[in-house]
Amino acid sequence: MADNKNTSIKKPRMVIIGGGFAGLNFVKRIDRTKWEVILIDKNNFHSFPPLFYQVATSGVDPSSISFPLRRELRSRAKGALFNMGTVKSIDTTKKQVTTNLEALDYDQLVIAAGTTNNFYGIPNLEKNVYTLKSTAEAIRCRNDILDRLERAAIIEDAETRRKLLTFTIIGGGPTGVEVAGALGEMKKYILKREYPRIEQDDVTVNIIEGSDRLLRTMSEKASQEALKYMAHLMVNVTLGKTMSTYEHNIIRFTDGEEIYSEMVIWTAGITGEPFTFVGKQPEMGPGNRFIVDEFNRVQGVDDIFAIGDICLHMDEKYPRGCPQLAQVAIQQAKNLAYNLNRQKFSHPFVYKDKGTMATVGRNRAVCDFNHFHMSGLPAWFTWMLVHLMSLLGMRNKIMVFITWIWSYFTYSSGARLLLHTNRYPLRKRWEEC
């Protein structure tokens, strides 16, 4: 009589850190019949970073650009598991990831945690400026902008009101330009409709860029058009200035010049999410990015891969690394899953540039593609279509589309709500993370 044998075979465990563009696209494409797939993220939802600036400036509601990770895995990645947690350390000897809630063993590890703000060692800057690297940061920025407008509406002293409504954006990349454009639109179109006691001259919007032009990573033509759009929206542009400190509402530059600003929004730099490694250490490159080979294998350690903004993939075309864009993250995720599903590394990653774009308010945008450039209304419609189709969930697509159409014709938005959280009961989350 034949022995009864347990036919169930334990699958190797694939752990993915980060549920952004890279991590989520990888989970959807990895063969879950071959791997036990576990996704770790500090939030239980996927965010859409390109529209964080619209949350911060009351253009869209936060829930319209967020999508529950568990729902996405259930419908698009059946069999994959989700564990919420903030990663504390990675032990490359024990092959174990430790979060604030658990310790999780892995056979293969994919790091797709993205980036965080880079303050370049400027003292106390993190505590004094507003940032836009998460939904929570965007909501905080929105609340304080609205709070300042509400307070300014009842302040009688003109000088106090002008100081309260001085907004400065540090960084002239796509995010900085988009934030400045949205605030410029608020100054030009929204104030007289919703805050009639505030004059346009009471609001000052500055954008400061350290290089010699806005949108430095795009074409010269795109930079010139962005500058023209800023002037039309009454945004003050300062180029070639580098901030050294920001204390007591005073921005000091390296050349000694100073300006006053009560609200500073920092978009000037990013760096890879930091991790503590125990055992063998990975090779790190500039910007705290993991150095990877053409198959996204992290150098210096075994069985660890990195994809998206947190990795540094260098080749002949991009000797300093691929640009930190969503398209790079998505393409790397697909390529890595392709190789792992076939259990051989035969298809090296090559980035296919699909173009870059930025919007500077309604009817104003710039798009750089491989063989042509667009600006103005056609570029704006292209920007809207691309971002709308990239959102997760049909509900989110519909809600954002309706919000945009309604705002376009009425200059009104249901997202202009000032929502403060209660102080009590005190939360323990900040001690755990």
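The values are calculated or read from the model by the stated rules, or taken from the named source; none is laboratory data. This is a predicted model, so every value here is computed, not measured. Backbone-built Cβ (ideal geometry, glycine too); neighbour counts: all protein chains shown. The accessibility values were calculated without ligands, DNA or RNA, using every heavy atom of the protein model including side chains. Shrake-Rupley method; radii C 1.70, N 1.55, O 1.52, S 1.80 Å.
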Which number in (1) at pLDDT 95 or above; (2) open to solvent by 50 Å² or more (accessible area, probe 1.4 Å); (3) in contact with a helix residue (DSSP H, G or I) (Cβ under 8 Å, 6 or more places away or on another chain) marks the one condition that residue 295 misses? (2)
When residues of the range 250-259 are filtered for being within 22 Å of residue 159 (Cα to Cα) and surrounded by fewer than 20 Cβ atoms within 10 Å (Cβ to Cβ), how many remain? 5
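Yes or no: residue 72 out of contact with any Asp or Glu (no Cβ under 9 Å at 6 or more places or on another chain), closer than 25 Å to residue 52 by Cα and open to solvent by 60 Å² or more (accessible area, probe 1.4 Å)? Steps first, answer last, please.
Values: out of contact with any Asp or Glu (no Cβ under 9 Å at 6 or more places or on another chain): yes; closer than 25 Å to residue 52 by Cα: yes; open to solvent by 60 Å² or more (accessible area, probe 1.4 Å): no.
Answer is no for this residue.
How many residues are assigned to a strand (DSSP E or B) and open to solvent by less than 40 Å² (accessible area, probe 1.4 Å) when one looks only at the range 260-292? First the steps, then the outcome.
Step one: filter the range 260-292 for residues assigned to a strand (DSSP E or B), giving 260, 263-266, 270-272, 276-278, 284-285, 289-292.
Checking the rest, the ones that are also open to solvent by less than 40 Å² (accessible area, probe 1.4 Å) come to 263-266, 271-272, 277, 285, 289-292.
The total comes to 12.
Return the residues of the range 270-329 that are of a type in the set (Val, Ile, Thr) and over 18 Å from the mean Cα position of the chain (by Cα); say none if nothing qualifies. Full working, then the answer.
Residues of the range 270-329 that are of a type in the set (Val, Ile, Thr), as a first pass: 270-271, 276, 278, 291-292, 298, 301, 304, 307, 310, 328.
Answer for the range 270-329, where residues must be of a type in the set (Val, Ile, Thr) and over 18 Å from the mean Cα position of the chain (by Cα): 276, 278, 291, 292, 298, 301, 304.
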Determine, yes or no, whether residue 60 is of a type in the set (Val, Ile, Thr) and either surrounded by fewer than 22 Cβ atoms within 10 Å (Cβ to Cβ) or in a loop (DSSP other than H, G, I, E, B) (or both). yes
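Limited to the range 207-244, what total is found for residues that are acidic (Asp, Glu) and not in a helix (DSSP H, G or I)? Full working, then the answer.
Looking only at the range 207-244, we keep the residues that are acidic (Asp, Glu), and these are 209, 212, 220, 225.
In the following step, the residues that additionally are not in a helix (DSSP H, G or I) were identified as 209, 212.
Result for the range 207-244: 2.
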Condition (residue is outside any helix (DSSP H, G or I), under 21 Å from residue 401 (Cα atoms) and charged (D, E, K, R)) applied to the range 71-81: is it met by at least one residue? no
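Tell me the helices (runs of 4 or more DSSP H) entirely within the range 336-433 that contain at least 1 residues that are open to solvent by less than 30 Å² (accessible area, probe 1.4 Å) and closer than 30 Å to residue 306 by Cα. Walk me through it before giving the result.
Details: elements: 376-390, 394-410, 429-432.
In the range 336-433, 376-390, 394-410 are the helices (runs of 4 or more DSSP H) which contain 1 or more residues that are open to solvent by less than 30 Å² (accessible area, probe 1.4 Å) and closer than 30 Å to residue 306 by Cα.
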